[in-house]
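**Student:** Starting off with a structure, shown below.
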């Protein structure tokens, strides 16, 4: 019998339905796989076999009783900033090392409702700030394709778990590329839904106007299955939109014929790793060969995206992370001399370097006398970037671009140079700024055996379209 | 010595009368056990998000309409960042860029005539928790955290503590009339920050101001203003300069004290609240709200004079507090005795209110029980003194007068046979008074009436007794 731990989400659901194996067997296989591999990968911050198998046994009983909930019995790994009642939710930070969630995030409640098993807490950059998962306060996750390389970030734990056979599927969050980039580095599928498509309630906030939860899976079909469960209006999140959730999986049909694919020229410039550019252009070529029309488009304000992102995201973060002050939340300093001292010491001791850097940056850009020059200007530029995409989607159905200028790099290689690390987000942050959707899926490898990702971007609430395109491409690849 | 002008502006925070908090479903109830009306949202748990309370928005807009403001049909919320233990998020959700209401004003009476005090704007925000200090530590009660507040910011149009009082009194009256707040000062429903400066007459530019924070009694505000004016005048008259600063009022010491100077002022780093989408108000809906606005106090006074034929003075006293006017109008419709009712309310009832420190809604007197009492007197079932004796029990215990009269046998004795025998008894026992009367001392009749009342244990109809005694004397040739 094949190792059921390596199954896709669709495959696992099928096997459970056909009673080829039980949820306990499936989850046991995953636990065994984690036991075997995670010593190297370090994808999980916390994984409790007893808790997992208890949920699995319950779901087997439910199935025996006729329950056929959509995700019944399938383990889903959870990025460690999504609150699941009773589970730890450290955000990979010392601040919340001992914090247990007191309520379910909406996405957690939805998974619970669909019968999923909460499989474990995956590692991440502290408070989702980073692109390599090296900013975790607790451990460094490794890339399953090369243990010396980073898995990308900030959802590096989820990506490594899915790609490394330690998870059937996982949840990640994407503020500036944190789902798509690690999916690209690790060679799995990662999708950032449009802003407002998935509830943020219960997801510890990094940058509220940019954060989105999304699926990280082995296949496009799996992403479609999981997104359907996560998406939808939430009365607890005023920024979700009341737009009907389509049956994404049912629309995974058709090929490339008649599809208009836009190539934004600003995304195909020197500076990217040639192996990445070649792999992506080869993917585009194969789409053309399969009947798609390729059109050139321009997103003229792309060059401002990184600066805009690091102003707006850090500004929002500086407020979102203020509550970790040692009074009600966060690490509390031992013997402060005053309330001010309590704040200062607790925050100095509790936050890591990158988080402090971003809080300081965000505080600065909002400060009196600087607001107009930084935050105010960045908001205007954001509007221009959004308009770029609206115009581009008048000319094409989807955009195809690289996910990251480079494949996975060596651990420690970029972490000494924050600016270089920030520039690596150039192809992913615009989608967050524009509020549109995007998906990353594998389109080849470097000579060194590292995966290269293809990014497909669609207009806001165009998830159906990019999933369909991605599925067609995936089928061509497999063929 | 030159004269000085005083300039005062107020920022008044008013709790709205919603059942739930500004951004979550927790109750806004006052006086519950600490930290019982809390949830992940108002406690700022990681990941929790605010959700707009539409009723609070409506109430704020209604307040704005009552105060003559322009309503912003597109309004946004902002985050105000500062660290303080009474706010778990360490930022307050408020409105800075586009508040709900702009302009408007409150008319006040001054010795120089009536004047409009302009309002700069009204914005909506959430309240913070309450810090309680103990001997060796402090605690926070988060029940109040997230309660809907509106902040009414006046222009610096006031020039004396008396004017500030008139403004606050009229503002409070309008908000209570609007039905958007209880404006209960003891419960901290209405708190004000005052900005105050002085300048020599003839100087255009306003003087440097000091802000006194967070006062919740009118008396305290008045005293703080008086103190602060004196302090500032003392400094400028000596040739000194006022420091721009935030001060606090210490009611025990009766003085204002410096909290922080301009150099140490907070930089609140306002920015748009990304968790809330802008509030868009449908024009038609706002017009519907405008059409359904309750009467303003002045209009009510006028109407009460017309409708009930009571004197302007009475209408003014009754309409001063909306609950009193509401009470009067319900009772008036039940008993139809408008002036009598007004007299009862303005004297006996108000006396009980002030003695007990209660409001008309807190005491047990109901419009029905007072109307019944007035009717019983009117019909001659009981006399005035009996009614006055019953009132405290209506007020304190919620008893109904008709039932009391019946159970206690308090009905007036109007049966002339019974009165006749009381009278004969009194005449026999008081021969001297009878003789006095017959000798011309007419005052003796009053004494005799009193004696008859006494015999009847207060239940005799005094008018009837007077009449019968007069007739008896007439028969005796007196």
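**Student:** Tell me the label-point distance for the pair residue B:476, residue A:419, using the 7 Å Cα-to-Cβ offset, in nm and rounded to one decimal.
**Tutor:** Roughly 11.9 nm, to one decimal.
**Student:** Can you bin every Cα-Cα distance in the stretch B:325-381 into 5 Å intervals starting at zero and give me the percent of pairs per bin, rounded to whole numbers?
**Tutor:** All Cα pairs, binned at 5 Å, distribute as 4, 21, 32, 25, 13, 5, 0 percent.
**Student:** Moving on. What are the extents of the Cα atoms of the stretch B:104-156 along their three principal axes, in Å, largest first?
**Tutor:** Computed over the stretch B:104-156, the largest-to-smallest principal extents equal 53, 25, 16 Å.
**Student:** Moving on. Compute from the Cα atoms of the stretch B:366-478 the Rg and the Dmax, the latter being the longest Cα-Cα distance, and quote both in angstrom.
**Tutor:** When restricted to Cα atoms, the stretch B:366-478 yields Rg and Dmax of 16.5, 51 Å.
**Student:** Using only the alpha-carbon atoms of chain A, report the extent along each of the three principal axes, biggest first, to the nearest angstrom.
**Tutor:** 64, 54, 45
**Student:** If we sort B:349-357, B:445-453 on the protection proxy, mean other Cβ atoms within 10 Å, highest first, what's the order?
**Tutor:** Going from most to least packed, we get B:445-453, B:349-357.
**Student:** If you don't mind, there's one more thing I want to ask. If you take the alpha carbon radius of gyration of the stretch B:295-408 and divide it by 2.2 N^0.38 Å, what ratio comes out, to two decimals?
**Tutor:** Cα-based Rg divided by the globular estimate yields 1.02.
**Student:** Per-residue ellipticity at 222 nm for chain A, helices alone: DSSP H runs ≥ 4 residues times -39500 (n - 2.57), over residue total, nearest 500 deg cm²/dmol?
**Tutor:** -12000 deg cm²/dmol
**Student:** Using Cβ contacts closer than 10 Å as the measure, can you line up A:447, B:231 from fewest to most?
**Tutor:** Arranged by neighbour count, lowest to highest, A:447, B:231 become A:447, B:231.
**Student:** Taking only the alpha-carbon atoms of chain B, what semi-axes of the equivalent ellipsoid follow from 5 times the gyration tensor eigenvalues under a square root, in whole Å, largest first?
**Tutor:** Three semi-axes, in Å: 57, 27, 22.
**Student:** Could you give me the radius of gyration and the Dmax of the stretch A:345-402, taking only the C-alpha atoms into account and expressing both in angstrom?
**Tutor:** 17.7, 54
**Student:** Kindly provide log₁₀ I(q)/I(0) values, in the same order as q = 0.09, 0.14, 0.19 Å⁻¹, from the Debye equation applied to equal alpha-carbon scatterers of the stretch A:42-171.
**Tutor:** Result of the Debye calculation: -0.25, -0.59, -0.99.
**Student:** Taking the 0 to 90 degree range and rounding to the nearest ten, how far is the long axis of helix B:54-66 tilted relative to the main principal axis of chain B, both from C-alpha atoms?
**Tutor:** Computed tilt is about 70 degrees.
**Student:** Then there's this: Mean 1/r over all different Cα pairs, inverted: what Kirkwood radius does the stretch B:4-286 give, in Å?
**Tutor:** 19.8
**Student:** At 25 °C and 0.890 mPa s, grab the translational diffusion coefficient of the stretch A:84-149 from Stokes-Einstein with a Kirkwood Rh over Cα pairs, rounded to a whole number in µm² per second.
**Tutor:** Estimated via Stokes-Einstein, D reaches 186 µm²/s.
**Student:** Restricting to the protein assembly as shown, what percent of DSSP beta bridges are antiparallel, rounded to 5?
**Tutor:** Here the share of antiparallel DSSP bridges comes out near 80 percent.
**Student:** Starting from the Cα of residue A:257, step 7 Å along the direction of its Cβ; do the same at residue B:432; then give the gap between the two resulting points in nm.
**Tutor:** That separation, rounded to one decimal, is 13.1 nm.
**Student:** OK, next. Once every DSSP H run of n ≥ 4 in chain B is given -39500 (n - 2.57) and the sum is divided by its residues, what mean residue ellipticity at 222 nm do you get, rounded to the nearest 500 deg cm²/dmol?
**Tutor:** Helices in chain B give a 222 nm mean residue ellipticity of -12500 deg cm²/dmol.
**Student:** I've got another one for you. Find how many whole Å separate the alpha carbon centroid of the stretch A:306-384 from the alpha carbon centroid of the stretch B:226-262.
**Tutor:** 35
**Student:** Then there is this: Kindly put B:227, B:74 in sequence by how many other C-beta atoms sit within 10 Å of each C-beta, fewest to most.
**Tutor:** Least crowded to most crowded, the residues run B:74, B:227.
**Student:** Dividing the convex hull volume of the Cα atoms of the stretch A:2-251 by its residue count, what figure in Å³ per residue is obtained?
**Tutor:** Cα-based convex hull of the stretch A:2-251, divided per residue, equals 112 Å³.
**Student:** Cα-Cα pairs above 13 Å in the stretch B:416-475: how many percent?
**Tutor:** Counting every Cα pair in the stretch B:416-475, those more than 13 Å apart make up 55 percent.
**Student:** If you take the alpha carbon radius of gyration of the stretch A:321-479 and divide it by 2.2 N^0.38 Å, what ratio comes out, to two decimals?
**Tutor:** Output field value: 1.39.
**Student:** Here is a follow-up. Mind checking the angle between helix B:218-237 and chain B's longest principal axis? C-alpha axes, 0 to 90 degrees, to the nearest 10.
**Tutor:** Around 50 degrees separate the two axes.
**Student:** Now a separate question. I'd like the distance separating the alpha-carbon centroids of the stretch B:136-153 and the stretch B:357-418, in whole Å.
**Tutor:** After rounding, the separation between the Cα centres reads 44 Å.
**Student:** What is the packing order of peptides A:96-103, B:404-411, taking the mean over residues of other C-beta atoms within 10 Å and listing the highest first?
**Tutor:** Highest to lowest by the protection proxy: A:96-103, B:404-411.
**Student:** Where q = 0.27 Å⁻¹, what log10 of I(q)/I(0) comes from the Debye formula for the stretch A:47-107, counting one point per Cα?
**Tutor:** Cα-only, vacuum Debye calculation for the stretch A:47-107: -1.15.
**Student:** Which ordering of B:106, B:153, A:150 is given by a fewest-first count of other beta-carbon atoms within 10 Å?
**Tutor:** The most exposed by this proxy come first: B:153, B:106, A:150.
**Student:** Gap in Å between the Cα centre of the stretch A:426-479 and the Cα centre of the stretch B:274-308?
**Tutor:** 54
**Student:** With the cut-off at 1.5 for a/c, could you classify the stretch B:288-348 from its C-alpha gyration tensor as rounded, prolate or oblate?
**Tutor:** prolate
**Student:** Separate question: How much of the pair distance distribution for the stretch A:242-294 lies past 13 Å, counting alpha-carbon pairs only, in percent?
**Tutor:** More than 13 Å apart: 69 percent of the Cα pairs in the stretch A:242-294.
**Student:** Give the average, rounded to an integer, of partner chain Cβ atoms located within 10 angstrom of each Cβ in B:268-279.
**Tutor:** That average works out to 6.
**Student:** For the stretch B:163-306, report the translational diffusion coefficient in µm²/s to the nearest whole number, using Stokes-Einstein at 37 °C, 0.692 mPa s, and a Kirkwood Rh over Cα pairs.
**Tutor:** Rounded, D is 174 µm²/s.
**Student:** Which order do the peptides A:193-206, A:29-42 come out in when sorted by mean C-beta neighbours inside 10 angstrom, highest first?
**Tutor:** For the peptides A:193-206, A:29-42, the packing ranking is A:193-206, A:29-42.
**Student:** Let me ask you something else. Dividing the Cα convex hull volume of the protein assembly as shown by residue count, how many Å³ per residue is that?
**Tutor:** 242
**Student:** Ok, one more. What share of the DSSP beta bridges in chain A is antiparallel, in percent to the nearest 5?
**Tutor:** 65
**Student:** May I pose another question? Angle check, please: helix B:322-335 long axis (alpha carbons) against the longest principal axis of chain B (alpha carbons), in degrees 0 to 90, nearest 10.
**Tutor:** Roughly 30 degrees between the two axes.
**Student:** Each label point is 7 Å from the Cα along the Cα-to-Cβ direction; what then is the distance between the points at residue A:65 and residue A:97, in nm?
**Tutor:** Simple spin-label model gives 4.1 nm for this pair.
Each reported figure results from applying straightforward, stated rules to the coordinates on display, with no laboratory input. Since this is a predicted model, take the numbers as computed values, not measurements. Note that each Cβ is placed from the backbone with ideal geometry, even for glycine, and that neighbours are counted across all protein chains shown.
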